[in-house]
Amino acid sequence: MRPISVVVALAAVTATACSSDSSGNPVLHPVPSLAYVRYFNAVGDTLALDFRPIDALEFSTPFIATPFRAQGLGGYQGYSTGSRRVRVFPNSTDLVTTTSVLVDTTLSLSPSVYYTITHVGYARSGASPRQRLWISTDTFPTVAAGNVAFRVANAGPDLGAVDVYVTSAANDPLPAAPTFAAVSFLQRSGYAQRPVGAFVMRVYAAGDRGTPLIAATTMAVGSPGDQYLGAIGGSGQSGTVATAMLYSKATPGSAAAITAGANANGTPRLYYWIDRQPPRPSAP
């Protein structure tokens with residue numbers, strides 16, 4: 001049975017890539033102009049979420065079963081441009097649950113533009129603010145040689161505006177001024193740059209210098225890769241561009257709540273997401 005399923009899958013892929021002319025010769029269809037879309041789940045009181053375009057099959061990659069504090073599998077995906085209708089559903093094996101629509105909206109996507117779609121707010125009845133899609137366009141900076149670039153996005157609906165300090169270690173004295181000041185809910189800072197090397201972001205309520213600490217997270221070092229394997233962005237990889245997204249805690253008792261292990265989410269936290277990987281080394 002396995003060889004049969006492989007053949008069927010290959011045939012399906014081939015069918016989407018080409019058709020045939022009147023003589024039966026294959027005709028390849030050109031790739032249209034594309035936008036690039038990625039999806040994040042910052043809704044902390046419900047199930048994992050499914051983000052699905054519903055108006056076309058081609059260039060309409062869905063992001064399925066995306067948990068709270070996660071990015072849809074695959075990061076940026078090529079999407080056909082123009083008016084695109086999308087819906088978001090709870091991910092469940094229960095038909096009634098998984099067919100309930102959280103979001104039904106139309107996106108306007110432009111060629112060669114990068115979009116970050118962050119699902120924010122709360123899904124439970126009576127909770128505020130209500131869940132919605134926060135849609136941003138991404139323009140990446142030119143990173144100086146030997147530097148990494150990074151910014152902060154505040155996706156925490158109950159955290160208020162925050163000040164973010166960047167230091168080499170978590171116990172270093174705080175700088176005189178925050179690296180990113182008063183970043184409110186549904187705001188992103190501009191990009192800052194620093195030389196490659198370990199660093200940590202420490203988050204405090206805006207104006208509350210040094211106490212109490214909301215979150216502190218060290219960025220992973222990453223990997224340089226080689227001419228065969230692409231680099232993995234991180235604080236040690238020149239050319240990395242990243243966003244540190246600030247999430248609220250999950251609602252206790254909800255399907256999103258994890259109470260133990262590395263993914264416990266009972267407190268706010270920063271996660272680093274790679275916006276652009278460092279360049280691949282040249283072949284020798």
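Worth a mention:
- From the list 260, 255, 244, the lone residue that is of a type in the set (A, V, I, L, M, F, W, C), in contact (Cβ under 8 Å) with a residue 24 or more places away in the chain and either part of a loop (DSSP other than H, G, I, E, B) or not assigned by TED's automatic domain parsing to the domain that holds residue 175 (or both) is 255.
Yes or no, residue by residue, for (1) in the same structural domain as residue 50 (by TED's automatic domain parsing); (2) touching a strand residue (DSSP E or B) at 6+ places or on another chain (Cβ under 9 Å); (3) modelled with pLDDT under 95; (4) assigned to a strand (DSSP E or B):
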{"residue": "127", "(1), (2), (3), (4)": "yes, no, no, no"}
{"residue": "133", "(1), (2), (3), (4)": "yes, yes, no, yes"}
{"residue": "148", "(1), (2), (3), (4)": "no, yes, no, yes"}
{"residue": "152", "(1), (2), (3), (4)": "no, yes, no, yes"}
{"residue": "156", "(1), (2), (3), (4)": "no, yes, no, no"}
{"residue": "159", "(1), (2), (3), (4)": "no, yes, no, no"}
{"residue": "163", "(1), (2), (3), (4)": "no, yes, no, yes"}
{"residue": "166", "(1), (2), (3), (4)": "no, yes, no, yes"}
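Here's the yes/no breakdown for (1) at pLDDT 95 or above; (2) among the aromatic types (Phe, Trp, Tyr):
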position	(1), (2)
11	no, no
17	no, no
29	no, no
37	yes, no
63	yes, yes
68	yes, yes
71	yes, no
77	yes, no
81	yes, no
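- Spans of strands (runs of 3 or more DSSP E) in segment 78-124 with at least 2 residues under 20 Å from the mean Cα position of the chain (by Cα) and exposed (fewer than 13 other Cβ atoms within 10 Å of the Cβ): 103-109
- Some residue of segment 44-56 being under 24 Å from residue 184 (Cα atoms), over 16 Å from the mean Cα position of the chain (by Cα), modelled with pLDDT of 95 or more and among the aliphatic types (A, V, I, L, M): no
- Subset of segment 266-284 (residues that are within 29 Å of residue 36 (Cα to Cα) and assigned to a loop (DSSP other than H, G, I, E, B)): 268, 277, 278, 279, 280, 281, 282, 283
- Counted residues, segment 175-197 - those being assigned to a loop (DSSP other than H, G, I, E, B) and closer than 19 Å to residue 246 by Cα: 8
- Among the conditions (1) assigned to a strand (DSSP E or B); (2) surrounded by fewer than 16 Cβ atoms within 10 Å (Cβ to Cβ); (3) of a type in the set (Val, Ile, Thr), residue 211 misses just one, which is (1).
Conditions tested, residue by residue: (1) in contact (Cβ under 8 Å) with a residue 40 or more places away in the chain; (2) in contact with a Phe, Trp or Tyr (Cβ under 6 Å, 6 or more places away or on another chain).
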residue	(1), (2)
51	yes, yes
54	no, no
57	yes, no
69	yes, yes
82	no, no
91	yes, no
94	no, no
97	yes, no
102	yes, no
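- With respect to being more than 16 Å from the chain's Cα centre (by Cα), more than 27 Å from residue 158 (Cα to Cα), modelled with pLDDT under 95 and surrounded by 18 or more Cβ atoms within 10 Å (Cβ to Cβ), residue 283 falls outside the description.
For (1) aliphatic (A, V, I, L, M); (2) within 20 Å of residue 110 (Cβ to Cβ), each residue gets a yes or a no:
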| position | (1), (2) |
| --- | --- |
| 42 | yes, no |
| 58 | no, yes |
| 65 | yes, no |
| 69 | no, no |
| 76 | no, yes |
| 82 | no, yes |
| 86 | yes, yes |
| 93 | no, no |
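The values are calculated or read from the model by the stated rules, or taken from the named source; none is laboratory data. What you are looking at is a predicted structure, and each value in this text was computed from that prediction instead of being measured. Positions of Cβ are backbone-derived with ideal geometry, glycine not excepted, and every protein chain shown enters the neighbour counts.
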